[in-house]
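The values are calculated or read from the model by the stated rules, or taken from the named source; none is laboratory data. Keep in mind it's a predicted model, so treat the numbers as computed, not measured. So basically every Cβ, Gly included, is an ideal-geometry build from the backbone, and we count neighbours across all protein chains shown. Note: accessible area is taken over every heavy atom of the protein model, side chains too, but ligands, DNA and RNA are not part of it. Shrake-Rupley method; radii C 1.70, N 1.55, O 1.52, S 1.80 Å.
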Amino acid sequence: MVERDVEKTIEALLEERRTFVPPEEFTKQANVSDDSFYEQAEADPDAWWASQAERLHWFQKWDHVLRRDPPHHEWFVGGKLNASYNCLDRHLEENGERVAYHWIGEPGDKRTITYAELHRDVSKLANALKSLGVRRGDRVAIYLPMIPELPAAMLACARIGAAHSVVFGGFSAESLKDRINDADCKVLITADGSYRRGGLVPLKQSTDEAVKDCPSIEKVVVVQRTAEDIDWIDERDVWYHELLKDASIDCPAEEMDSEDMLFILYTSGTTGKPKGIVHTTGGYMTGVSSTHNLVFDLKPEVDVYWCAADIGWVTGHSYIVYGPLANGATSVMYEGAPDHPDKDRWWQIIDEYDVSILYTAPTAIRTFMKWGTDYPAKHDLSSLRLLGSVGEPINPEAWIWYQEFIGGGKTPVVDTWWQTETGAIAITALPGVSTLKPGSATRPYPGVFADVVDEKGESVGLGGGGYLVLTRPFPSMFRTIFGDDERYVKTYFDKYGNETYFPGDGAKLDEEGYYWLLGRVDDVMNVSGHRISTYEVESALVDHHGVAEAAVVGRKHPKEGETIVAFVTPKGDVTGDESLMKELREHVGKVIGKIARPQSIIFTDDLPKTRSGKIMRRLLRDVAEGRDLGDVTTLQNAPILDEIRAKSESQKASEG
Ligand code: WT7
C-alpha cells in the first residue's frame, strides 16, 4: 500500500477516539474474565494449544503437540479424530435433542434440525457417498445454497475421510469448473436451484455447464430445493432424497490422522488461478472450537448464535459449521437476502428466535446504515448480548452504529481479523476483558504471535506502521496450496523467510500495542469482505472479444468499502460505449460471478505504463479515488493520465 493511503486510513480511524471497557455484568459471566489465558499461552504456547485440543474427542491422543519444520508444521502428531464425530456423535447422549440449526428459507419456509437429526442425515449421506464410490482421501465438490443439506454434505464427507471443496453458490459455471478440475473431484453435490431476492438461481444449469468439462466427476447428487424443471443426465445425476431413502443410518466415523486433509477452499491470489487452501483435521478443529468458544463467549445451553455469512466462504466453514457444531451450539441459518421481503428481515429473525450473538461483515452493517434505523427499530433486539465483525476493517462510524442501533448501546463488538489461510480468528478482542477501540481488532488471540514489520522485516515498534506478520505457527493455519506447494512457499514465506508468515495485510500498532488492520498491500481487492484479485477480473475482461487491454483496481469508498474500477482499452474497431460497458459487466459476472463485476468501467486508448511496459495500477488507483498523482516521471505515456482522469471524474459525477 502506498504510504499516503496508510496515513489517510489511520487518520480516518483515529478520528473516533472513544474506547469501550467491557461492561462489568458481561465480564462477570464471561468465558474469559481475566488475562490468564493470554499469560498461559505466552509462557507455553504448545501447552495452551494442547489444552484447547482437549476440547475435542480424540480416538487416539497425539504424541507431539507441534512438529516444527518451517514452513511445513504439523500439529497433534499421531493423534486420531474425526471432525464429523466431534460435531455430532459426541453430543448425542446428552444433547441429541438440542437444536443445531434453526433454518429459515428465503420464501419463509422453516426447518428445525436437532443434533440427533443432523447426525442421522449425515450418516445416511455418508453411506450414500460410499455407495457412489467415494473413498477416504477422495475430493467431493459441493455447490449448494444456504440450506441444511450444505453442512450435512460437508460433515458426510468428513465422516468418511473425503475432503470437501465447497464452491460459493454465487460463483459462475466457469469458476466451478476450474475448482473441480484443480482438485480432481469425484462427485459433485448441488441443488436444482435456489432463491435469491425472490428470484431463482439456476444452480443445476451452471452445474451442467461446468461438469461437461470436468472429466473427474462421476456422479452429481442433486438436492431438490425449488422443484423447477431441470435437465437430467440419467447415468450421472442422482436425487439426494432418493439416495437417502435407502441408505443405512449406521456409519461409524473414520479415524482420521490429525494431519489428514479436512477440506480445500479456494481463494484469490495476486496472479494465476485461485489457490486451493488446504486445512487439516486436528489443528483446524482445535482452532475453530477454541476461538468460537472464547471470542463469542459461547454458552451452548442458552445462546442462539447467528453467523450471517455464506458457508461458501471460510467464515461459514469455521463459524457456521465446524466451530459451532463442535461446541454444541444452536445456530440460526438463513438462506436469503437481507432485504427480502423487506429490509428488516434480519431484525425480524433476531426478534423471532431471540438471537443472542450476531456475527457479520462491515459491508452488511454499512448497507443497514444506509437503509436507516427504522428497520431495526421495528423489532425487539434486546436478546442480543454480543456482536462480531469480520471481513474488512470496520470503520468506526459503522462500529458505533452497529453497537448503538443493533446492540442497544450495550453489547461488546468484537472485531475479528483472520483469513481463509488462518482457518480461525487470529487477531481479535475477547469480549470479557478487552477494552475496545472502534476500528481496531485489538490484539492476537492467545497462542497467536504477530508483529508489524517494515520492508526489511524489522519490527516497527509501538506507534509504527508496516506489514502484518505472524511469527509463530498455530494449529488452524493452512498447510499448503492444493497441488502447488511451491506456490505456498513463494506466496507466504518468500518475503520474510520460512519462520514468518506474511498474510498480505498492512497494519499499524498504536502506542498501546493495539493492531489496526489497514487492508491488502497486494493486488487483491476486498469486495464486500471477500477477496477478488485484480488479475482475475483483468483476465475475464481481456477474454472478451472487444477488449485489447484492461487494468483493474479497487476504489476505497468510505461507505461501500471497496468497489471495482476497470480501465479498458477496446480493440481498434470497437467503440467503448454504454452497451459495451453493460456487456463487459455481464461477461465478468459470467466468467467469475456477480461479485466480481466492476462498478465502473472507464474506456481509454492507452494505460499508464512504465518504460518496461508494466501497468502502473498505483496511479490508476489514485485516479479512481480522485487523489493527486505521485511521481509520474517513470511513465512512457504520462499524458494519457490526464485523459483518464477527466473521464473518471465525469463518470463518477454521473454515478452520483
Ligand atoms: C482478508 C482475508 C476471514 C473471513 C473473511 C475473509 C481482510 C478480514 C478483517 C478485519 C481488517 C480484515 C484482510 C484479510 N480482513 N477480517 N477484522 N479487519 N481486515 O476471508 O477472503 O480470506 O480475506 O480479509 O485483508 O487478509 P478472506
- Note on the structure: Going through the stretch 470-504 in order, the residues found to be among the hydroxyl-bearing types (Ser, Thr, Tyr) and either in a loop (DSSP other than H, G, I, E, B) or farther than 27 Å from ALA50 by Cα (or both) are THR471, SER476, THR491, TYR496, THR500
- Query: Would you say TYR467 is in a loop (DSSP other than H, G, I, E, B), more than 29 Å from ASP34 (Cα to Cα) and among the hydroxyl-bearing types (Ser, Thr, Tyr)?
  - Reply: no
- Query: Just checking, how many residues over the stretch 195-210 are in contact (Cβ under 8 Å) with a residue 60 or more places away in the chain, basic (Lys, Arg) and open to solvent by less than 10 Å² (accessible area, probe 1.4 Å)?
  - Reply: 0
- Somewhere in the stretch 267-274, is a residue more than 16 Å from the ligand (Cβ to nearest atom) and over 26 Å from VAL537 (Cβ atoms)? no
- Collect the residues in the stretch 396-420 that are part of a helix (DSSP H, G or I), surrounded by fewer than 21 Cβ atoms within 10 Å (Cβ to Cβ) and in contact (Cβ under 8 Å) with a residue 12 or more places away in the chain, keeping them in residue-number order. PRO396, GLU397, ILE400, TRP401, GLN403, PHE405
- Does the stretch 27-44 hold any residues that are of a type in the set (Gly, Ala, Ser) and open to solvent by 40 Å² or more (accessible area, probe 1.4 Å), and which are they? SER33, SER36, ALA43
- Take the stretch 290-339 and flag every residue that is farther than 29 Å from PRO107 by Cα, more than 16 Å from the ligand (Cβ to nearest atom) and in a loop (DSSP other than H, G, I, E, B). ASP297, LEU298, LYS299, GLU301, ASN327
- Check off (1) among the aliphatic types (A, V, I, L, M); (2) surrounded by fewer than 21 Cβ atoms within 10 Å (Cβ to Cβ); (3) outside any helix (DSSP H, G or I) for ALA47 and give me the number that stays unchecked. (3)
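Can you work out which of the residues in the stretch 38-58 that are among the hydrophobic types (A, V, I, L, M, F, W, C) and touching a residue at least 12 places away in the same chain (Cβ under 8 Å) is nearest to GLU255 (Cα to Cα)? Lay out the reasoning, then the answer.
Going through the stretch 38-58, the residues among the hydrophobic types (A, V, I, L, M, F, W, C) turn out to be 41, 43, 47-50, 53, 56, 58.
If we keep only those that are touching a residue at least 12 places away in the same chain (Cβ under 8 Å) too, we end up with 41, 47-50, 53, 56, 58.
Numbers: ALA41: 29, ALA47: 24, TRP48: 24, TRP49: 21, ALA50: 19, ALA53: 16, LEU56: 14, TRP58: 9 Å.
Only one residue fits best here, namely TRP58.
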- Item | Count - residues of the stretch 369-395 that are farther than 24 Å from GLY323 by Cα, of a type outside the set (Ser, Thr, Tyr) and open to solvent by 10 Å² or more (accessible area, probe 1.4 Å) | 11
- Query: Which of the residues spanning the stretch 422-447 are in a loop (DSSP other than H, G, I, E, B) and either β-branched (Val, Ile, Thr) or out of contact with any strand residue (DSSP E or B) (no Cβ under 9 Å at 6 or more places or on another chain) (or both)?
  - Reply: THR422, ALA424, ILE425, GLY432, VAL433, THR435, PRO446, GLY447
- With the condition kept exactly as written, say whether any residue in the stretch 520-529 is more than 19 Å from the chain's Cα centre (by Cα), touching a residue at least 12 places away in the same chain (Cβ under 8 Å), within 11 Å of the ligand (Cβ to nearest atom) and more than 19 Å from LYS273 (Cβ to Cβ). no
- Message: Looking at the stretch 451-478, I want the residues that are surrounded by fewer than 20 Cβ atoms within 10 Å (Cβ to Cβ) and have a partner that is among the acidic types (Asp, Glu) and assigned to a loop (DSSP other than H, G, I, E, B) with Cβ atoms under 6 Å, at least 6 apart or on another chain. Which pairs are those?
- Response: VAL460/ASP454; LEU462/GLU511; GLY463/GLU511
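Quick check: is even one residue across the stretch 491-502 buried (at least 21 other Cβ atoms within 10 Å of the Cβ), within 16 Å of the ligand (Cβ to nearest atom) and modelled with pLDDT of 95 or more?
Filtering the stretch 491-502 down to residues buried (at least 21 other Cβ atoms within 10 Å of the Cβ) leaves 492, 501.
In the following step, the residues that additionally are within 16 Å of the ligand (Cβ to nearest atom) were identified as 492, 501.
Remaining after also requiring modelled with pLDDT of 95 or more: 492, 501.
Checked the stretch 491-502: at least one residue is buried (at least 21 other Cβ atoms within 10 Å of the Cβ), within 16 Å of the ligand (Cβ to nearest atom) and modelled with pLDDT of 95 or more.
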- Scan the stretch 593-610 and give yes if some residue there is open to solvent by 80 Å² or more (accessible area, probe 1.4 Å) and more than 29 Å from the chain's Cα centre (by Cα), otherwise no. yes
- Task: Could you check how many residues of the stretch 337-359 are open to solvent by 10 Å² or more (accessible area, probe 1.4 Å) and in contact (Cβ under 8 Å) with a residue 60 or more places away in the chain?
- Result: 4
- Note on the structure: Subset of the stretch 401-434, residues more than 16 Å from the ligand (Cβ to nearest atom) and farther than 20 Å from PRO338 by Cβ, comes to GLY409, LYS410, GLY432, VAL433
